[in-house]
Every structure is written in C-alpha cells, then in structure tokens.
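The values are calculated or read from the model by the stated rules, or taken from the named source; none is laboratory data. Keep in mind that what you see is a predicted model, and the values were worked out from it rather than measured. Virtual Cβ from ideal backbone geometry, glycine too; neighbours counted across all protein chains shown. Note: accessible area is taken over every heavy atom of the protein model, side chains too, but ligands, DNA and RNA are not part of it. Shrake-Rupley method; radii C 1.70, N 1.55, O 1.52, S 1.80 Å.
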Amino acid sequence: MGVLGLGGVAWLAHDMALQHALLRMQEEAARQLDVEAARLDGQILRLDYLPPLLETSPDVMRLLDAPTDPALRDSVNRYLESLNAIAGSDTLYVLDLAGTGLAAADFARPSTPIGRDLSYRPYLRDALEKGRGAFYGVGITSARAGYYISYALKKNGSTRGVSTVKVDLQPVEAEWRSLPGEMLLFDEHGIVILTSHDAWRYRPRVALSDAERLEAARAHRYGDAGLVPLDWREIGRIDARASQVSLEGRSYLASDQVLNRGRWRLVLLHDEQPAETVARWSSASAVLAAVAIVLAGYVAALRRRGIRQRLANREALQAAYESLEAKVQERTAELRAAQAELVHAEKLAALGQMSAGLVHEFNQPLAAMRTLSDNAVVLLERERHGEARDNLVRIGPLVERIARLTNQLRGFAYKSQASFGVVRVRDVVDRSLALLSERTRKLNVEVVVRVEPDALELEAEPTRLEQVFINLIGNALDALEGAERRKIEVVATPWHGGRCIVVRNSGPPIPPDILPRLFEPFVTSKPPGKGLGLGLTISAHIVREFGGRLRARNLSPSGVEFSMDFPSASGPATADE
C-alpha cells in the first residue's frame, strides 16, 4: 500500500469519525436545547396572569378614571408594590391611554415610570389594538433589559388603560455560563438579546437596513448599542435544526430551537475542536492498522527467504507489530472512556433539569391515586366490593390525566388558548367531588347534588371548570370544620335562557368587612398559613372567561352561597325553559 493508499484510508476514517462525533454532539445539543427552551418559555409565561389580574382591583380601575387623585394613586402604588413582591416580577405598573405612567410598584425609586411618557413602546400600541402585547428591550430609566407583557384594562367593554409587568431574564442567562457550549437567543429581528458570551449581546446576525435601525431606535429596544453585525457565516446544513457555522473566525456546530410562540430562536454553539480531535485519533488509528496489515504481509513474504533471515526478520517485525497494536488499543480505550464520561455527564444534567418539573406535575394525581387505592384495600378487607370497585374505577381518569401530562410536557411551556367545548355539568361536579371525597368523609359532611335536567350542558373548558368546583367545594369544607351542622349543596338548573349553578354550605357567614372585597386578590378570612386569597379571584376570572359571573352572599340564619350564571351551551336544555 503506497502513500496515496494510506492517505485515502486516513481521509475516509477522519470523515466517518467526524460525522459520527458531530451527530452525537447534535443529539446531545437537541436535548439540551429542548430543556433550556422549555425553561425560558416557563420564565416568560409564569407571570402572564399578572397584568389581567389588575382588572379585578377596584382601586386600579378608579385611578384610571381619576388619575390626579393623590390618595388613590398612593393606594394603588402600595398595592402594586405588594403584588410585585409576592409574584417575584421585576416591576409592575399602570399606564393611561396616552402611555403616561400612573402608578408603579417601584414608585419610590428614581427609575420609576410614574409620570413618564412611554407611548413609543410597541407593547402599549399592541395592547390598545389587540388587547395584549409583548416586547423585549432595555429599560429607559433603569437601563436593565427585560421582557414586558402588557394587557388592556377594560371597564364596561371600553379600554381605560394598560397594565404592564416586566420579567427579568438575566437569571436564565447567568445559568447558561455554567452549561457546556455557548448559548445565544435571537429575537424576531435577528438580534442577540441574551447570550453566555457578553461580546455578542445586541449584535444582529446580518446587517440591519436603515428602516430596521430607525424602528429599533424609536422603540429604544437595545439602548445605545451599536448593533454591529456578527461575523457569522454558515458553512453547511446538517439537518433542519443543525448546521456548521463560522463565528468570529471559529468553527462551531450550531443547533437551534424556536420558542416564545415562534418569535425567538435559541441557538447552542458547540466548538468542533473535540469532534476534530476524535476524528484525527480515528484517522491515526486507521493508518496504524493499515500499516500493521502491510507489515504483517511483509512478514509473510519474508518467510519465503532463508531460514535465518526469515526468523530474524520475523522477530523484529513481530515486536514492532505488538508495540503498534498495544498503542492503538491504549489510545482507543482512552478515547472511548473520555467519550463515555462526556455523554454520561450531559445526560445527567438534562435528566436533573427535567425531573423537577415531572415531580411537580405528577404529584397531585399520584396522591389521589394513593388515597383511592388505600381506601380500596380497606373496603376489600371489609368485603364492600361495590365501593372498592368505584375507587378502582376512579383511578382510571387519574391515570389518563398522567398520560395527558406526559404527552403534553413539551407543549406545556407554550401556553396555548383554552379549548372550549360543550360539557355535562353532572360529569364535572362528580369528578370534583371524587377528588375531595376523602376530606368529605373525614369531616362527615352531607353532600346533596341536584342537576336538572341530568343532561344539563354548558360551554366551557372541562379542566378549568373542574378547578372552579374544587376551589368552591374545598373552601366549603374548610368553613365546615368545627361547624355543628355540616352540609354542602350543589344545584344546577336552567336560568333565563342560560345556566345557574349554586354551591351552598351550612358553615359560618363571611364577615361583613370581607364580603364586598371577596373576589379581590389576597383577601381571605382564613387564618395565616391556610391560603393566599387568590383562589376566588382566579375562579371569578375563569368564570368570566366562560362568559359567566361568580357571586357570593350570606344565607340566613347561617351559611354561604356562591352562584355562577352562564350562557347557554347550544340552545335550551328543555323545551319549556
């Protein structure tokens, strides 16, 4: 085998080893990107509920009508400050229709938006035109970048102002520095907004047009950054999610993942040098193996010579062959050990990040399954087979719920709109009572359910409606602890062309000072440690999204009633309704 032959073997081994190493690197990068994209989406969307929550505050809505009232402004400032501290957001503020700050959680800081004109921010325009807005940019007064979520505050169908929450994404960026590879997040304009490498921040992948630069300056997206393009050049595509690129004169394997409803692109860069090293070792091993084969053939040819010369040459060649073989095996073993350690470490990192989310999502249905199965064992021991069978049947929907959670883990971060449909009221009530059956039994509470007619339906999303029932019935069980008479009634009937659902309990009345503010956030009559006062606020918001209304009143001489009025699902439930 000549020099050209050895060169061909070396090139082929190098290419095959390089492609294999890049493929393994790409697979690990895809898993890491999925975890980081889900975590970043979760960080963005975890405070999505906060701006709409301000619509439930009477003081906030009154301030929009009387923006010059100093006492009202101070009350709203204090309210936003406490809400911001509990939610863990960067800041929370309210703007009027002209974009001027009226109240803010950071009212005591010099960087507060109160009194400032923010009409140039795109999130204000989007909220006024579309009801919601989102925007990533550098704060004008604080000089800190963040993700802004805005919401149009409406009263009697008319927009009165805009609430805005700022989400700090810097903790996510800080964690990227401890991960393997370099991470870049490009916004919808192709500009790096988060990165593990500071020199790349606020630099576009390609040069911006004059119009794009003007729009960025008008919206103050990137502060005073020069927006100098990256020295980015794509060498070749590997597949739809990976390519080989040159960045600032260095070669990388680039893997990407879209997030934030397709607006952003997360890119993970891995240096190709380790893969190139693996390829070179494989090439050298192949050449050594080829040389060993040639030498072995040469030894066989020498056998045809004289006995003395053949024996002497064979011993020398055999020693050389054994030395080369030992070196090849030693280097190959070292290389495989290093590769195995790298793969194992990256798999453990990804598994640790995903396990926390899985434990949280599976905890509730698993706890319910444990309770039902334990009860079934007791009932079987007491030969109450019918009741035991009911408990086992209830486990089925919980297993289906875990299956839905498993199938939706990747889509959970992309918060989609709720899926409305026609649901049977009786089914939702039965499922809610089944989840609370153990508490009901321990408290010895009499539960009466009347749904007339039995097939009564309404238009809603089943899981969220079930959340409302669990909250109302759970609150009723809390109120009945220690009560002399313990009874809960759930009544659902047609009502003025729609549906009326009532949940009553025989517990003590709601204090008069709390009843008018019952559906405001953080208002509760429970002792410390029993609740935050957000359950009824969220329930009222869910019922309102279904087109209904949630109300509460005290009964005489004792008891509390919560009523929900809903529109009809698909027509009247009975002919004479």
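Could you list all residues from region 398-429 that are at pLDDT 75 or above, open to solvent by 70 Å² or more (accessible area, probe 1.4 Å) and more than 14 Å from residue 464 (Cβ to Cβ)?
Here is the first cut: in region 398-429, the ones at pLDDT 75 or above are 398-399, 420-429.
Going one step further and asking which of them are open to solvent by 70 Å² or more (accessible area, probe 1.4 Å), we end up with 399, 420, 422, 424.
Correct list: 399, 422, 424.
Name the residue that is farthest from residue 262 (Cα to Cα), counting only residues in region 137-192 that are over 24 Å from the mean Cα position of the chain (by Cα) and among the polar types (S, T, N, Q). Break it down into steps so the answer makes sense when it comes.
Residues of region 137-192 that are over 24 Å from the mean Cα position of the chain (by Cα), as a first pass: 139-143, 153-162.
Right, trim to among the polar types (S, T, N, Q) and you get 141-142, 156, 158-159.
Working: 141: 29, 142: 28, 156: 34, 158: 31, 159: 28 Å.
Filtering first and then ranking leaves 156.
Kindly establish whether residue 509 is part of a loop (DSSP other than H, G, I, E, B), open to solvent by 10 Å² or more (accessible area, probe 1.4 Å) and closer than 17 Å to residue 559 by Cα. Please lay out each step first, then the result.
Working: part of a loop (DSSP other than H, G, I, E, B): yes; open to solvent by 10 Å² or more (accessible area, probe 1.4 Å): yes; closer than 17 Å to residue 559 by Cα: yes.
Criteria met by residue 509.
So which residues in region 226-265 are among the small types (Gly, Ala, Ser), touching a strand residue (DSSP E or B) at 6+ places or on another chain (Cβ under 8 Å) and part of a loop (DSSP other than H, G, I, E, B), if there are any at all? Outline the logic, then answer.
First, the residues of region 226-265 that are among the small types (Gly, Ala, Ser): 226, 236, 240, 242-243, 246, 249, 251, 254-255, 262.
If we keep only those that are touching a strand residue (DSSP E or B) at 6+ places or on another chain (Cβ under 8 Å) too, we end up with 236, 242-243, 246, 251, 254-255.
Residues satisfying the conditions do not exist here.
Applying the selection to region 186-220, what residues are in a loop (DSSP other than H, G, I, E, B), in contact with a helix residue (DSSP H, G or I) (Cβ under 8 Å, 6 or more places away or on another chain) and within 23 Å of residue 37 (Cβ to Cβ)? Write out each step before concluding.
Pass one, region 186-220, residues in a loop (DSSP other than H, G, I, E, B): 187-190, 196-197, 201-203, 205-209, 220.
After this cut, where a residue has to be in contact with a helix residue (DSSP H, G or I) (Cβ under 8 Å, 6 or more places away or on another chain) as well, the list is 189, 196, 208.
If the condition is that a residue be in a loop (DSSP other than H, G, I, E, B), in contact with a helix residue (DSSP H, G or I) (Cβ under 8 Å, 6 or more places away or on another chain) and within 23 Å of residue 37 (Cβ to Cβ), then 189, 196 are the ones that fit.
Working carefully through the options 15, 74, find the one that is open to solvent by 30 Å² or more (accessible area, probe 1.4 Å) and either at pLDDT 85 or above or within 30 Å of residue 261 (Cα to Cα) (or both).
Values: 15 fails: either at pLDDT 85 or above or within 30 Å of residue 261 (Cα to Cα) (or both).
Only one candidate qualifies: 74.
So, in region 180-192, of the ones that are in contact (Cβ under 8 Å) with a residue 60 or more places away in the chain and over 16 Å from residue 255 (Cβ atoms), which residue ends up most open to solvent (accessible area, probe 1.4 Å)? It would help to see each step written out before you state the result.
Step one: of region 180-192, the residues in contact (Cβ under 8 Å) with a residue 60 or more places away in the chain are 180-188.
Narrowing further to those that are over 16 Å from residue 255 (Cβ atoms): 187-188.
Details: 187: 14, 188: 95 Å².
In this case the residue turns out to be 188.
I'm checking my understanding of the structure. Among residues of region 112-165 that are assigned to a loop (DSSP other than H, G, I, E, B), in contact with a strand residue (DSSP E or B) (Cβ under 9 Å, 6 or more places away or on another chain) and modelled with pLDDT of 90 or more, which one is most open to solvent (accessible area, probe 1.4 Å)?
The first filter runs over region 112-165 and keeps only residues assigned to a loop (DSSP other than H, G, I, E, B), leaving 112-113, 115-116, 118-121, 131, 139-144, 156-157.
Right, trim to in contact with a strand residue (DSSP E or B) (Cβ under 9 Å, 6 or more places away or on another chain) and you get 112-113, 115-116, 118-119, 121, 131, 139, 142, 144.
Filter once more, keeping what is modelled with pLDDT of 90 or more: 112-113, 115-116, 118-119, 121, 131.
Working: 112: 18, 113: 14, 115: 59, 116: 100, 118: 17, 119: 57, 121: 5, 131: 18 Å².
Step by step, filter region 112-165, then rank; the result is 116.
Of everything in region 99-111, what is in a loop (DSSP other than H, G, I, E, B) and open to solvent by less than 60 Å² (accessible area, probe 1.4 Å)? Give them in sequence order. Before you say what the answer is, go through the steps one by one.
Let us first name the residues in region 99-111 that are in a loop (DSSP other than H, G, I, E, B), namely 99, 105-111.
Within region 99-111, 99, 105, 106, 107, 111 meet the criteria.
For region 214-231, how many residues meet the condition of being closer than 17 Å to residue 136 by Cα, among the charged types (D, E, K, R) and open to solvent by 50 Å² or more (accessible area, probe 1.4 Å)?
So the answer is 3.
Examine region 44-51 for a residue that is under 30 Å from residue 258 (Cβ atoms) and of a type in the set (D, E, K, R), and state whether such a residue exists.
So far as region 44-51 goes, yes, one or more of its residues are under 30 Å from residue 258 (Cβ atoms) and of a type in the set (D, E, K, R).
Confirm whether residue 260 is under 56 Å from the mean Cα position of the chain (by Cα), at pLDDT 75 or above and buried (at least 16 other Cβ atoms within 10 Å of the Cβ). First the steps, then the outcome.
Details: under 56 Å from the mean Cα position of the chain (by Cα): yes; at pLDDT 75 or above: yes; buried (at least 16 other Cβ atoms within 10 Å of the Cβ): yes.
Against the criterion (under 56 Å from the mean Cα position of the chain (by Cα), at pLDDT 75 or above and buried (at least 16 other Cβ atoms within 10 Å of the Cβ)), residue 260 qualifies.
Here is a list: 280, 250. Which entry is open to solvent by 20 Å² or more (accessible area, probe 1.4 Å) and at pLDDT below 85? So that I can check it myself, show each step before the final result.
Working: 250 fails: at pLDDT below 85.
Result: 280 is the single residue among 280, 250 that is open to solvent by 20 Å² or more (accessible area, probe 1.4 Å) and at pLDDT below 85.
What residue, among those in region 52-71 that are in contact (Cβ under 8 Å) with a residue 24 or more places away in the chain and either farther than 20 Å from residue 148 by Cα or assigned to a loop (DSSP other than H, G, I, E, B) (or both), is most open to solvent (accessible area, probe 1.4 Å)?
Residues of region 52-71 that are in contact (Cβ under 8 Å) with a residue 24 or more places away in the chain, as a first pass: 52-58, 60-61, 63-65, 67.
Then drop every residue that is not either farther than 20 Å from residue 148 by Cα or assigned to a loop (DSSP other than H, G, I, E, B) (or both), which leaves 56-58, 61, 63-65, 67.
On the way: 56: 27, 57: 10, 58: 48, 61: 19, 63: 2, 64: 24, 65: 75, 67: 46 Å².
So the residue we want is 65.
Across region 126-146, what is the total count of residues that are more than 20 Å from residue 67 (Cβ to Cβ) and either in contact with a Gly (Cβ under 9 Å, 6 or more places away or on another chain) or of a type in the set (S, T, N, Q) (or both)?
Step one: of region 126-146, the residues more than 20 Å from residue 67 (Cβ to Cβ) are 126, 129-140, 142-146.
Going one step further and asking which of them are either in contact with a Gly (Cβ under 9 Å, 6 or more places away or on another chain) or of a type in the set (S, T, N, Q) (or both), we end up with 126, 136-140, 142-143, 145-146.
Of the residues in region 126-146, 10 are more than 20 Å from residue 67 (Cβ to Cβ) and either in contact with a Gly (Cβ under 9 Å, 6 or more places away or on another chain) or of a type in the set (S, T, N, Q) (or both).
Condition first: of a type in the set (A, V, I, L, M, F, W, C) and open to solvent by 70 Å² or more (accessible area, probe 1.4 Å). Now tell me which residues in region 312-335 satisfy that. Let's see the steps before the verdict.
Step one: filter region 312-335 for residues of a type in the set (A, V, I, L, M, F, W, C), giving 312, 316-317, 319-320, 324, 326, 328, 333, 335.
Listed by number, the list is empty, since nothing qualifies.
How many of the residues in region 202-213 are in contact (Cβ under 8 Å) with a residue 24 or more places away in the chain and open to solvent by 60 Å² or more (accessible area, probe 1.4 Å)? Give the derivation first.
If we filter region 202-213 for residues that are in contact (Cβ under 8 Å) with a residue 24 or more places away in the chain, which is where we start, we get 202-206.
From what is left, the residues that are open to solvent by 60 Å² or more (accessible area, probe 1.4 Å) are 205-206.
So the answer is 2.
How many residues are part of a strand (DSSP E or B) and either surrounded by 16 or more Cβ atoms within 10 Å (Cβ to Cβ) or more than 37 Å from the chain's Cα centre (by Cα) (or both) if we restrict to region 478-501? Walk me through it before giving the result.
So in region 478-501, the residues part of a strand (DSSP E or B) come out as 487-495, 498-501.
Now restrict to residues that are either surrounded by 16 or more Cβ atoms within 10 Å (Cβ to Cβ) or more than 37 Å from the chain's Cα centre (by Cα) (or both): 487-495, 498-499, 501.
Qualifying residue count, region 478-501: 12.
Going through region 85-98 one residue at a time, which ones are over 19 Å from residue 159 (Cα atoms) and either of a type in the set (A, V, I, L, M) or open to solvent by 20 Å² or more (accessible area, probe 1.4 Å) (or both)? Reasoning before the result, please.
The first filter runs over region 85-98 and keeps only residues over 19 Å from residue 159 (Cα atoms), leaving 85-91.
Of everything in region 85-98, those that are over 19 Å from residue 159 (Cα atoms) and either of a type in the set (A, V, I, L, M) or open to solvent by 20 Å² or more (accessible area, probe 1.4 Å) (or both) turn out to be 85, 86, 87, 88, 90.
In this structure, does residue 234 turn out to be exposed (fewer than 13 other Cβ atoms within 10 Å of the Cβ) and either without any contact (Cβ under 8 Å) to a residue 12 or more places away in the chain or closer than 27 Å to residue 181 by Cα (or both)? Outline the logic, then answer.
On the way: exposed (fewer than 13 other Cβ atoms within 10 Å of the Cβ): yes; either without any contact (Cβ under 8 Å) to a residue 12 or more places away in the chain or closer than 27 Å to residue 181 by Cα (or both): yes.
When the stated conditions are applied, residue 234 passes them.
Could you please find all residues in region 445-477 being acidic (Asp, Glu), open to solvent by less than 40 Å² (accessible area, probe 1.4 Å) and either out of contact with any strand residue (DSSP E or B) (no Cβ under 8 Å at 6 or more places or on another chain) or not in a loop (DSSP other than H, G, I, E, B) (or both)?
Narrowing region 445-477 to residues acidic (Asp, Glu): 446, 452, 454, 457, 459, 461, 466.
Add one more test, that the residue is open to solvent by less than 40 Å² (accessible area, probe 1.4 Å), and what stays is 461, 466.
Listed by number, the list holds a single entry, 466.
Among the residues of region 533-548, is any modelled with pLDDT under 90, open to solvent by less than 60 Å² (accessible area, probe 1.4 Å) and β-branched (Val, Ile, Thr)?
Yes, that holds for at least one residue.
From the residues in region 166-179 that are in a loop (DSSP other than H, G, I, E, B) and without any contact (Cβ under 8 Å) to a residue 60 or more places away in the chain, which one is least open to solvent (accessible area, probe 1.4 Å)?
So in region 166-179, the residues in a loop (DSSP other than H, G, I, E, B) come out as 168-169, 177-179.
Of the ones still in play, those that are also without any contact (Cβ under 8 Å) to a residue 60 or more places away in the chain are 177-178.
Values: 177: 120, 178: 98 Å².
Selected residue: 178.
For region 553-570, how many residues meet the condition of being open to solvent by 30 Å² or more (accessible area, probe 1.4 Å) and under 19 Å from residue 514 (Cα atoms)?
Here is the first cut: in region 553-570, the ones open to solvent by 30 Å² or more (accessible area, probe 1.4 Å) are 553-558, 567-568, 570.
The next check asks that each one be under 19 Å from residue 514 (Cα atoms); those that pass are 553-558.
Total satisfying the criteria: 6.
Take residue 80 and tell me if it is touching a residue at least 24 places away in the same chain (Cβ under 8 Å), surrounded by 23 or more Cβ atoms within 10 Å (Cβ to Cβ), assigned to a strand (DSSP E or B) and not aromatic (Phe, Trp, Tyr). Walk me through how you get there before you give the answer.
Numbers: touching a residue at least 24 places away in the same chain (Cβ under 8 Å): yes; surrounded by 23 or more Cβ atoms within 10 Å (Cβ to Cβ): yes; assigned to a strand (DSSP E or B): no; not aromatic (Phe, Trp, Tyr): yes.
It is false that residue 80 is touching a residue at least 24 places away in the same chain (Cβ under 8 Å), surrounded by 23 or more Cβ atoms within 10 Å (Cβ to Cβ), assigned to a strand (DSSP E or B) and not aromatic (Phe, Trp, Tyr).
Specify which of the listed residues (493, 440) is more than 21 Å from residue 564 (Cα to Cα) and modelled with pLDDT of 90 or more.
On the way: 493 fails: more than 21 Å from residue 564 (Cα to Cα).
Within the list 493, 440, the selection yields 440.
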